[in-house]
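Here the structure comes first, spelled out in structure tokens, and everything after it is commentary.
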Amino acid sequence: MAWAAWLHYGLGLSFGKCSQLMGRLGIEVTAGAIASSCASTGSDLVATHAAIKAHVAAAPAVVMDETGVRHEVARKERLRRSEGRLMTVT
């Protein structure tokens, strides 16, 4: 079910299409079963989500890890400097 949930929420497939894809892989599951499973998992995580929000709100400082952002900026800069062979503009 976790993979079906990822297909729906991560890739945007409808529950029906998730069901069809899972069926092609030999896993027979209805769209309703996927939707029901996702709903129950979501409600199970409400308390965890609230605890995370409270922990972050009580923290003296909250910072964002921008490591990936820096690497992406550096990659684009290297591409820009590559003697005009490949130019990216954002």
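Things worth noting here:
- Extension gain for the segment residue 24 to residue 65, taken as residue separation times 0.36 nm less the Cα-Cα distance, is 10.8 nm to one decimal.
- Each of residue 73 and residue 14 was given a label point 7 Å from its Cα along the Cα-to-Cβ line. The distance between the two points is 4.3 nm.
- Each residue in 48, 41 was given a count of other beta-carbon atoms within 10 angstrom of its own, and listing them fewest first yields 48, 41.
- Over segment 2-60: Rg over Rh, Cα atoms, Kirkwood Rh: 1.19
Readers should treat all values here as calculations from the given coordinates under stated rules, not as data from a laboratory. Since the model is a prediction, treat every value here as computed from it, not as a measurement. Don't worry about glycine lacking a Cβ; one is built from the backbone with ideal geometry, like all the others, and counts go over all protein chains shown.
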